[in-house]
Every structure is written in structure tokens, then in C-alpha cells.
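Asks: Below is a structure I'd like to ask you about.
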Amino acid sequence: MPRQIIIDTDPGQDDGVAILLALGSPADVEVLGIVAVAGNAPLPRTALNARRIVALAERTDIPVFAGCARPLLRDLVTAEHVHGETGLDGHDFADPTVDLQPRHGVDFLIEALSGPHAAVTLCFLGPLTDLAMALIKAPDCARGIREIVLMGGAYFEVGNITPAAEFNIYVDPEAAAVVMRCGRPITMLPLDVTHTVLNTRERLARIAGLGNRCGTAVANMLNFSERFDVAKYGWSGAPLHDPNVIAYLIDPTLYAGRTVNVAIETTSELTRGMTVVDYWGVTERPANVQYLRSAQADGIYDLLVERLGRLP
Ligand code: BDR
Ligand code: CA
């Protein structure tokens, strides 16, 4: 039986690739719905982009909802400097042929988690605003969460949007703090992992060489979004972030880490959104997160190429 998942996302090229990886893996994951959140770009853009991706994959049967338009307390910070004006620059997408669902994304999350037998895996590829809102509005819905798997945070690699913080956690640190305390299993894919999964020329050429529409779109998107990071880091390719959430669900043996306490800095402006990871167990704070630290990049790209190849 495939694992039932909901993807909450702020596309974002790497978000788009993550959604496509899930859609190419129906034996592993069943996508119940996609919730767009404000993050890499404002909500109208991310909600449009999520529909562009499902339309690209000819999966307009998957409902797409709009979630929260801004963080719990803070003004929205976006990342068009990385992702371009549309949030999904690099590929020329057709206008999506599917409408947004009328219900709010937070209400969809609550309803999906509140069935008597709900056991849903929540995949977070952007700020954690929607889940924090759901947990505040309907705390009992936490019972329906099988596992939370999220791209966010950093410890050994520290920050990408500030010296101390990773973007998804930085944008809505209060939401992340709510989620860290929710009492359900959490797995984090931080920069410590994603900075080792690089879009090298060879890997991008394999994806472009698939020759299908989705492979071409992924190669175009990643070719665009890697410019900023390659200039910034000087590595042989840009980090691939969000697809690791889905790759982990498909094959967790590609990753390694340990279960530790993670707390979120919310009061300091200097270190706002820092993920304080007790990796070496120097406090008595209870373990709340499986914190992944390393990955097998070749295996992840093999998986990605194979699954993208199954799409139109
Ligand atoms: C995260 O921030 C976004 O720009 C990416 O989509 C990813 O989710 C990496 O810090
Ligand atoms: Ca993202």
C-alpha cells in the first residue's frame, strides 16, 4: 500500500521537482492533495505554480489548495532573488487547466487528519505556517499525523538566508516552534543533507536526456535556479533541497542521522529561525526530531531520474 501524503509547498523550482518525484512514484506515495503556502514567492504565485506542476504531469485530479498568505507573526520574506519573478523561472509553463479548490488549505489539512483512521504523512517543502495554524485551530488533528517530513533547518552547515538560519524556518520561526512541539514523529532534511546533493552538470544532463516533458521542465528549472547558488558557493553544482523529502519516504536507507532535540530560536533577531540541534546530547531536552545529517547523492539522483522518466 502506498503511503498517503499531503505536500505543503511554496514552489519554487525544487518544490516542483519534489512534487514530480512524488507523482512519478505512485507505488510508494499517494498524494491526497497539495497545499500552497507563501514562501519563495507570495501565495498567489505559489498557488499558481503548484497547479502548473500538476498540469505538467497530467495529474489535475490532485486537488490543490491555497494555505496561509503570510507567517503567523512576521511579515513575509520571499526569495525571488533565487527563484526568479514567477518563483518558477527557467521553464515556459502553460497556463494550468485546473482551478484552486475553494476550501482553505488549513481546513483541508484538518479534515484530512481528523478521520477516524487517518494516518497521513505530511511533507513540508516551505514555511510551516499551515500546520501550525491547523494545530492551533484543531489540536486533536495531530492524532491523524503518521509522520512529518520536512525540508528545513541547518546545524553543521548553519544558514542560507542569514548566517544562522535556513530559509523555510527563518520565514516563520514561530510556526516551526509550534510544529517542533506537536508530539508527532518529525524527520528533518536540513541543509546539512541538501548541501551534499548537488546538481552537477552530469546529473542535469541525465535529466535533460530523458527527453520527456517533465524531464525537460526539471532540467530547465534547475538550470535556472542553480545560477544563484553556484555563484554563491562556488561548488560544482547547486544544492537540491526539497526532493529529498520525497526521496527519503521512498528509500530511507539513502539517508542517515539521529533522533535528537531540535528547538527553534524565536526571540533573537540576529539568530532568528536558527534550528538549535542537540546533536551530541548535551542537554536533557527530550528528543523530538529525527535529524538527518548525510545522504547518498548518487542513489538519490538515480531514483530521481528513474521516477521522472515515468512521467509524461
Ligand atoms: C528551501 O528554501 C527554498 O528556497 C527552497 O525551495 C527550499 O525549500 C531551502 O532553504
Ligand atoms: Ca521550498
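Asks: Can you give me the Cα centroid spacing of region 234-312 and region 13-30 in angstrom?
Replies: 17
Asks: Residue-wise, which Karplus ³J(HN,Hα) couplings in Hz belong to region 110-124, taking 6.51 cos²θ - 1.76 cosθ + 1.60, θ = phi - 60°, and x for glycine or proline?
Replies: After applying 6.51 cos²θ - 1.76 cosθ + 1.60, I find 4, 5, 5, 8, 9, x, x, 10, 4, 8, 9, 8, 9, 10, 10 Hz.
Asks: Right, next: Taking Cα centroids, how far is region 65-126 from region 144-222 in Å?
Replies: Distance between centres, Cα-based: 15 Å.
Asks: Still on this structure, please answer the following. Under the Karplus relation 6.51 cos²θ - 1.76 cosθ + 1.60, θ = phi - 60°, what is the ordered set of whole-Hz ³J(HN,Hα) values for region 282-293, x standing for Gly and Pro?
Replies: 8, 10, 8, 5, x, 5, 10, 9, 7, 9, 7, 10
Asks: Give the average over all directions of the projected area of the C-alpha convex hull of region 1-134, one decimal, in nm².
Replies: Answer in nm², one decimal: 7.8.
Asks: So which GluC sites (Glu not before Pro) in region 222-312 are both in a DSSP loop and have at most 14 other Cβ atoms within 10 Å of their Cβ?
Replies: Loop-located and lightly packed - GLU269, GLU284.
Asks: Debye sum, Cα scatterers, the chain, no solvent: what log₁₀ I/I(0) at q = 0.12 1/Å?
Replies: -0.71
Asks: Amide H of GLY33 versus every other amide H placed in the peptide plane: which residues, excluding those fewer than 5 positions away on the same chain, fall under 5 Å?
Replies: Close amide H contacts, sequence-distant or interchain: ILE7.
Asks: Now a separate question. Can you put TYR170, TYR155, TYR233 in order, fewest other beta carbons within 10 Å first?
Replies: The fewest-first ordering by Cβ neighbours comes to TYR233, TYR155, TYR170.
Asks: Find, to one decimal place in angstroms, the Kirkwood hydrodynamic radius of region 1-45, where the mean of 1/r is taken over every pair of different Cα atoms and then inverted.
Replies: So the Kirkwood estimate lands at 11.0 Å.
Asks: For a quick check: with amide H placed at 1.01 Å from N, whose amide H comes under 5 Å from ARG293's, ignoring anything fewer than 5 positions away on the same chain?
Replies: Result for ARG293 returns ALA256, GLY257, ARG258.
Asks: Which of the GluC sites (Glu not before Pro) across region 58-112 are loop residues per DSSP, with 10 or fewer other Cβ within 10 Å?
Replies: Listed in order of number, the matching sites are GLU85.
Asks: Scan region 126-200 for trypsin sites (Lys or Arg not before Pro) in coil per DSSP, keeping those whose Cβ has at most 16 other Cβ atoms within 10 Å, and list them by number.
Replies: Of the trypsin sites (Lys or Arg not before Pro), the ones in loops of region 126-200 whose Cβ has at most 16 other Cβ atoms within 10 Å are ARG181.
Bear in mind that the values in this text are calculations on the coordinates, not laboratory data. These numbers come from a predicted model, not from an experiment. No Cβ is skipped: glycine too gets one built from the backbone with ideal geometry, and neighbour counts run over all protein chains shown.
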